[in-house]
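No value in this document is a laboratory result; all are computed from the given coordinates. Values in this document were obtained by computation on a predicted structure and should not be read as measured data. All Cβ positions, glycine included, derive from the backbone under ideal geometry; neighbour counts span all protein chains shown.
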Amino acid sequence: MKSISGIPASYGIAIGPAFVFTRVEIVIEPCNIQDPKAEWKRFVQAQEETSKQLDVAYLKAQEELGEEEAGIFEAQKLMLQDPELINTVKSRVDSELINVETALYESAESFALQLEAIEDEYLSARALDIRDVSSRLLRNLLGLKNSPADGLKIPSIITAQDLTPSDTVMLNKDLVLGFCIEVGGSTSHTAILARGLGIPAVVGAGEPLRKIKTGDKLVIDGDAGEIIIDADKKSLKQFRDRQKKFLMAQADAEAISHQPAITTDGHQVEVVANIGSVDDVQPAILSGAEGVGLLRSEFLYLERSSLPTEEEQYESYKTIGDAFGDRPVILRSLDVGGDKDIPYIDMPPEANPFLGVRAIRLCLSRPDIFKPQLRAALRAGYGNNLKLMFPMVATVEDVVKIREVLEECKQELRDEGYDVAEEMEIGIMIEIPSAAILADQLTEVVDFFSIGTNDLSQYALAADRTNAQVAPMASGFQPAVFRLIKMVIDAAHAKGKWVGLCGEMAGELLAIPILLGLGLDEFSMNPPAVPFAKRLIRSISMEHARQVAETAINLKGDKEIRKYVQEAVPEVNRG
Amino acid sequence: MPEIKLTITHEVGLHARPASTFVQTAAKFSSDIEVTHGETTANAKSILAVLTLGAHKDAEIVVKAEGEDADEALKALEELVLDNFGEH
């Protein structure tokens, strides 16, 4: 029995075999061949195999993502059979007697470069398609598995150096019991995904993870951040008991999940959900969430090759807004840049992407991206309670600029005869320390604040949350962060405005008593956390929470605060 | 060699799905078919070549065909473009 420690990223216990997710690099070695006919036969076989795979991808995309996305694979199939491409490859193999891999790679690359040379976003994305088809063909020629995710056949715990959003989209979620990741902190992509799925995860586990092989017997303890390899009988039994207890506590919390979040002395707050797609609506409603505190709009922009149209956005926002009726749904405008990249939006590389043109800064510089989204939101918010919120605001001037574009869009829509949500509430995210410090000024120009603790912590402590070595500093459990939150809440309440929090912290049981005590009005979290949060809020008093908050903001750091809350509020322990 | 002049009315131009349908239609015929936009001429059966034409909405294209079924091919492609690639 061995164990590896990492950062606890998502609650719960998982027991099962390991599945090691490794990406294989394609290496092409140019060489001369003797028999061009045999070489060509290899190509035709690989082409057939690729064609079948694209059919499968087409059907999967059609089912999961819709007709338009599926069209990408149809276009890729045409590329696979493209006579110009095939003739070029064949004539090079025949005349130069080079291996088909080299001929294919170079020919496909030349087409990709031609497409890229035309200044057109759509065609640049097609350059990605031809490269994608060509690498799929090359993998088949070289006998490499197409996606490491294909090998996942039985329920397993996924271990990996790192997982990108495009890796995770390939995984069959029904077979994922948990995640162990070498790099990253508790707000990395996989961590957030795991919490969204309600399965345990340990991240930032480091190099020792590389010793794990597919099939190794693993236990992950998502509460403690431990990974145990080959657990002995006695500890395996203990883990099974804890797993059972956790599931029971979950059932217990779910029983009260549709009751309001009122403290024992009658103070009521809102508990709402963070969601990222139309599919998340039902799980959010079922979890007991009283609305949506953060609707990430990125889902409309990912996994595709061009910007979503105003109409597409309108449909999605309207569906989600209407699903919640008069309960609030807060739509956040496009938040990309930093660690989130969209290939078809031209974003020049930056030395410090987290301090660069991300989120609202990108949108303000690109009206072609920003305006269709605002127009779609203003139309979709007619007749429901959709609100708009903007990420990465640093100054009052930012809000003035946003308001100008917003007014422009409203006027256009009125002129075009659309129904417009004239009274839509406008809020901003507080995630840059300057915005927290200027909260009193900002209350003059917005209707509400929503604190993004993931970014606020990393900016306040100058600690990159994707760097495992400093990620614990960016945990948010820092007196500096709690003091900034207090400043924001006090400034907003002085002007009769409300404050929400949609960072990971809102769903962390240890943070809830402090945030409650500081006067937070709205807690927005992943749906699986909603029942536990409500259960906790309903079991403590506001008076006690205020005392806890006052003490906590005067403690020295992460460990001290966590230890103190654990002792002062025993209700935070689940089960 | 028979040829026809057509104007692309589809919103996205000779890209995406319209380009795919165009190429798929051309591929049904045995004739050699080429399509010209401005200075550039492309094999109408090659999606990669057709895309590099960069024919946007309102672009004028010339389609030429040579072979046994040249007339049928031109007729089919003309109908496709006039029919807005089957999208309304």
### Message
Straight-line reach from A:Lys556: which lysines fall under 29 Å, measuring Cα to Cα and dropping same-chain residues less than 8 apart?
### Response
A:Lys486, A:Lys534
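If Lys and Arg each add +1 and Asp and Glu each add -1, what is the summed charge of the other residues whose beta carbon sits under 10 Å from the beta carbon of B:Lys5?
Counting the neighbours of B:Lys5, the net charge comes to -3.
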### Task
Could you give the size of the charge dipole of the range A:536-575 about its Cα centre, using +1 on the Cβ of each K and R and -1 on the Cβ of each D and E, expressed in debye and rounded to the nearest 20?
140 debye
### Task
List the lysines whose Cα lies under 18 Å from the Cα of A:Lys37, skipping any in the same chain that are fewer than 8 positions away.
A:Lys90
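Within 10 Å of each Cβ of A:128-137, how many other protein chain Cβ atoms are there on average?
For this peptide, the per-residue mean of nearby foreign Cβ atoms is 1.
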### Summary
Phi-derived 3J(HN,Hα) across the range B:10-26 with the Karplus relation (6.51, -1.76, 1.60, θ = phi - 60°), rounded Hz, x for Gly and Pro, is 5, 3, 8, x, 7, 10, 6, 4, x, 5, 4, 5, 4, 5, 4, 5, 4
### Message
Which of A:Val27, A:Val272, A:Val420 has the fewest other C-beta atoms within 10 Å, and how do the rest follow up to the most?
### Response
A:Val27, A:Val420, A:Val272
### Message
Please give the charge dipole size of chain B, origin at the Cα centre, charges +1 on K and R Cβ atoms and -1 on D and E Cβ atoms. Round to the nearest 20 debye.
### Response
300 debye
### Summary
Along the dipole axis of the range A:320-417 (charges at Cβ: +1 for Lys and Arg, -1 for Asp and Glu; origin at the Cα centre), the most positive-end residue among A:Phe354, A:Ala376, A:Phe324 is A:Phe324
### Message
Amide H of A:Leu177 versus every other amide H placed in the peptide plane: which residues, excluding those fewer than 5 positions away on the same chain, fall under 5 Å?
### Response
A:Ser156, A:Ile157, A:Ile158
### Listed residues B:Ser46, B:Ser30, B:Ser20, most fluctuating in chain B (Gaussian network, C-alpha, under 10 Å)
B:Ser30
### Task
Restrict the search to the range A:481-575; then list the trypsin sites (Lys or Arg not before Pro) that DSSP places in a loop and that have at most 10 other Cβ atoms within 10 Å of their Cβ.
A:Lys556
### Task
With just the Cα atoms of the range A:232-309, tell me how far they stretch along each of the three principal axes, in Å, largest first.
56, 45, 16
#### Entry: Range of Cα positions in the range B:3-86 per principal axis (Å), largest first
33, 26, 19
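Relative to the compact-globule scaling 2.2 N^0.38 Å, provide the ratio for the alpha-carbon radius of gyration of chain A.
This ratio for chain A stands at 1.05.
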### Task
Sequence neighbours fewer than 8 away in the same chain don't count; with that in mind, list the lysines whose C-alpha is under 20 Å from A:Lys213.
A:Lys2, A:Lys145, A:Lys153
### Summary
Sorted by chain and then number, the residues having a modelled amide H within less than 5 Å of the amide H of A:Lys340, at least 5 places away or on another chain, are none
### Task
From other protein chains only, count the Cβ atoms within 10 Å of every residue's Cβ in A:251-258, then give the mean.
0
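Where does each of A:284-296, A:430-442, A:501-513 land if you order them by average Cβ count within 10 Å, highest first?
Going by the mean number of other Cβ atoms within 10 Å, highest first, we get A:501-513, A:284-296, A:430-442.
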### Task
Please list the helices of chain A that count as membrane-span-like by this rule: a mean Kyte-Doolittle hydropathy of at least 1.0 together with Cα atoms stretching 18 Å or more along the helix axis, each helix being a complete DSSP H run.
A:479-494
## Note on the structure
For the range A:36-142, the charge dipole (Cβ of Lys, Arg +1; Cβ of Asp, Glu -1; about the Cα centre) points to a positive end, and the Cα of A:Leu123, A:Pro36, A:Leu80 closest to that extreme belongs to A:Pro36
### Task
Calculate the all-directions average of the projected area of the range A:256-572's alpha-carbon convex hull, and give it in nm².
15.5 nm²
### Summary
Binned at 10 Å starting from 0, the alpha-carbon pair-distance distribution of the range A:36-142 in whole percents comes out as 15, 45, 30, 9, 1
### Task
Determine the calculated [θ] at 222 nm for the protein assembly as shown from helices alone, applying -39500 (n - 2.57) to every DSSP H run no shorter than 4 residues and normalising by the residue count; nearest 500 deg cm²/dmol.
-14000 deg cm²/dmol
### Task
Note down the magnitude of the dipole of chain A about its Cα centre, charges +1 on Lys and Arg C-beta and -1 on Asp and Glu C-beta and zero elsewhere, to the nearest 20 debye.
2580 debye
### Message
Taking amide H atoms as placed 1.01 Å from N in the peptide plane, list the residues 5 or more away in sequence, or in a different chain, whose amide H sits under 5 Å from that of A:Ile451.
### Response
A:Ile430, A:Gly500, A:Leu501, A:Cys502
## Note on the structure
Under the Karplus relation with 6.51, -1.76 and 1.60 and θ = phi - 60°, whole-Hz ³J(HN,Hα) for the range A:267-277, x at Gly and Pro, equal 8, 9, 10, 9, 10, 10, 10, 8, 10, x, 5
### Nearest 10 degrees, 0 to 90: helix B:70-82 Cα axis against chain B principal axis
10 degrees
### Task
With no solvent and one equal point scatterer per Cα, compute the Debye intensity ratio I(q)/I(0) for the range A:307-412 at 0.24 Å⁻¹ and report its log10, rounded to two decimals.
-1.34
### Task
Report ³J(HN,Hα) in whole Hz for each residue of the range A:3-14, in order, from the Karplus equation J = 6.51 cos²θ - 1.76 cosθ + 1.60 where θ = phi - 60°; Gly and Pro get x.
9, 10, 9, x, 9, x, 10, 7, 4, x, 10, 10
### Query
Per residue of A:78-88, how many C-beta atoms from partner chains lie within 10 Å of its own C-beta, taken as a mean?
5
### Query
Which of the residue pairs A:Lys497/A:Lys559; A:Lys318/A:Lys495; A:Lys217/A:Lys244; A:Lys173/A:Lys211 have a Cα-Cα distance greater than 26 Å in the structure shown?
A:Lys497/A:Lys559; A:Lys318/A:Lys495
